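A quick write-up on the structure given underneath.
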Number of protein chains: 2
Amino acid sequence: MTHPKGAQPYHHGDLRNALLLAAEQLLAEQGAASLSLRAVAKRAGVSHAAPYRHFRDRAALLRALAQGGFERLAGAIELAAGNASQNPEQKLVEAGVAYVRQAVERPALTRLMFGGSVMVEDDAAYRQASAAAFEALLKIIGEGVAAGVFRARDPRELALVAWTSMHGMTMLMTAGLLDSNASGNGGIDDQVRSIARNVIYGLSK
Amino acid sequence: MTHPKGAQPYHHGDLRNALLLAAEQLLAEQGAASLSLRAVAKRAGVSHAAPYRHFRDRAALLRALAQGGFERLAGAIELAAGNASQNPEQKLVEAGVAYVRQAVERPALTRLMFGGSVMVEDDAAYRQASAAAFEALLKIIGEGVAAGVFRARDPRELALVAWTSMHGMTMLMTAGLLDSNASGNGGIDDQVRSIARNVIYGLSK
DNA sequence: ACCTGAACACCGTTCAAGT
DNA sequence: ACCTGAACACCGTTCAAGT
């Protein structure tokens with residue numbers, strides 16, 4: 001309605017976000033491998049060359065998508081870390097639940113974030129977004145060490161253990177190799193809590 | 001020399017393996033995303049339609065590649081499990097080292113195996129190969145529980161914890177998010193051992 | 001049986017040209 | 001500034017045809 005005769009202008013003013021939105025939909029529907037720039041452009045209602053005004057190439061679009069995923073993930077972990085009514089152990093468990101939950105809700109985005117299809121090296125914003133997620137985890141561990149509930153070791157070392165476990169869970173789940181005995185979403189949450197507690201208490205007697 | 005005039009016949013008799021070999025080379029050189037069937041055929045010295053005699057489609061070739069990776073992985077873990085001179089804890093640590101080592105040596109293959117680009121669901125051989133790797137791990141855990149060095153829990157539950165940790169390490173390493181403080185291959189092995197021990201002894205005091 | 005060559009419907013990317 | 005349309009060099013896949 002903002003344009004005479006109903007004819008669209010060059011675009012609705014924010015093609016960049018329109019493209020990201022369309023890409024996120026297509027990603028969820030078909031996976032990253034078959035996410036073509038041309039299909040994204042078509043869904044956004046522009047010609048196949050238009051995206052190049054906003055993204056250097058296909059990889060840049062994928063990177064922007066992955067970056068958004070890391071920001072969401074960092075937010076979810078920070079939320080768990082900031083829950084004042086829980087102790088460090090509980091926070092750690094719930095951070096794991098949040099991590100896996102995002103992966104289960106958005107498996108294609110998660111695979112994109114960690115799948116190596118986007119080049120990590122040359123994107124500072126991408127690295128920063130993933131580092132923020134790690135820092136939120138580190139904060140929980142640091143608290144626990146300070147409170148004496150976790151072992152007195154370098155928090156980075158302990159955080160790495162927690163991170164690898166959480167990350168392994170999400171990757172195995174989005175790969176479809178871990179859902180066998182999980183019924184529904186509550187089933188997955190419980191499974192994650194079980195694994196997280198085993199990480200905390202260890203395998204040895 | 002087996003053919004008159006040096007003219008090649010239809011092929012050297014085992015095009016299937018020649019294609020797999022060429023694909024593995026290209027995978028290591030360029031990653032799975034840009035591994036085209038046409039490039040594989042060209043490297044194997046046949047027309048671009050020839051691969052379809054041996055693989056239903058591109059995904060089938062990738063699955064065969066991933067399957068080989070799982071077989072190698074299962075073999076490496078079984079080797080660690082069968083080392084009679086080590087106790088269950090040591091075996092578990094070394095299984096982790098083997099797991100990560102293969103990932104670091106063959107990052108593109110590892111991403112292919114776990115990256116979700118190959119459809120896991122519809123391939124029994126693929127599932128079986130990955131299950132064998134898990135069974136080898138389970139055997140180590142079972143021994144440890146029987147020997148009383150691991151906690152008296154369902155070995156599957158404990159094995160899952162070990163697996164998620166090892167898997168998380170490999171995925172983070174092949175994604176380039178974990179190499180910051182590792183210098184050389186011995187550095188990575190030590191890092192893996194450190195993480196594995198933390199998993200065994202737990203985070204809590 | 002096993003492979004080739006042409007064909008089709010797609011890609012990513014570039015670039016002159018339009019408004 | 002922002003977008004289009006044609007063009008190029010690639011894809012995966014199919015299929016008639018060759019030996």
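The values are calculated or read from the model by the stated rules, or taken from the named source; none is laboratory data. Quantities reported herein were computed from a predicted structural model and do not represent experimental measurements. Cβ coordinates were reconstructed from backbone atoms using ideal geometry, including for glycine residues, and neighbour counts include every protein chain displayed. Please note that ligands, DNA and RNA were not included when accessible areas were found on the heavy atoms of the full protein model with its side chains. Shrake-Rupley method; radii C 1.70, N 1.55, O 1.52, S 1.80 Å.
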- prompt: Who wins for biggest fluctuation among A:VAL100, A:VAL145, A:VAL192 in a Gaussian network model of chain A, springs between alpha carbons below 10 Å?
  reply: A:VAL145
- prompt: Using θ = phi - 60° and the Karplus form 6.51 cos²θ - 1.76 cosθ + 1.60, what ³J(HN,Hα) does each residue of segment B:109-115 get, whole Hz, x for Gly and Pro?
  reply: 5, 4, 5, 5, 4, 10, x
- prompt: Hey, got the average number of other protein chain Cβ atoms within 10 angstrom for residues in A:150-163?
  reply: 4
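Which value, in square angstrom to the nearest 100, describes the accessible area buried between chains A and B on both sides, using a 1.4 angstrom probe? It would help to have the intermediate numbers written out before the result.
Working: alone 11790 and 11770 Å², together 19710 Å².
Counting protein atoms only, the buried area is about 3900 Å².
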- request: Would you pull out the residues with amide H under 5 Å of A:ALA33's amide H, same chain only if 5 or more places away, H placed 1.01 Å from N?
  value: none
field: Virtual spin-label span in nm between A:ALA39 and A:GLN25, 7 Å along Cα→Cβ
entry: 1.3 nm
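Assuming R0 = 45 Å, can you tell me the calculated FRET efficiency for the pair B:HIS54 and A:ALA60, based on Cβ-Cβ distance, to the nearest 0.05? Present the calculation step by step, with values, prior to reporting the outcome.
Details: r = 37 Å, r/R0 = 0.81.
In this case the efficiency is close to 0.80.
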task: Scan segment A:28-59 for trypsin sites (Lys or Arg not before Pro) in coil per DSSP, keeping those whose Cβ has at most 13 other Cβ atoms within 10 Å, and list them by number.
output: A:ARG56
query: With chain B treated as a Gaussian network of Cα nodes joined by springs under 10 Å, which of B:LEU61, B:LEU73, B:LEU172 yields the largest mean-square fluctuation?
result: B:LEU172
task: Place the label 7 angstrom along Cα→C-beta at B:ASP14 and in each other copy, then list the distances from the first to the rest in nm, shortest first.
output: 5.9
- line: Which of A:ALA132, A:ALA33, A:ALA64 fluctuates most in a GNM of chain A (C-alpha springs under 10 Å)? That residue is A:ALA33
task: Please average, across the residues of A:192-202, the number of beta carbons from any other chain that are within 10 Å of each residue's own beta carbon, and give a whole number.
output: 5
task: For peptide A:26-33, compute the average count of partner chain beta-carbon atoms within 10 Å of each residue's beta-carbon.
output: 2
- request: Apply 1/(1 + (r/R0)^6) to the Cβ-Cβ distance of A:ARG197 and A:ARG156, taking R0 = 22 Å, and write down the FRET efficiency to the nearest 0.05.
  value: 0.50
field: Accessible area per residue, Å², segment A:10-130 with all protein chains present, probe 1.4 Å
entry: 50 Å²
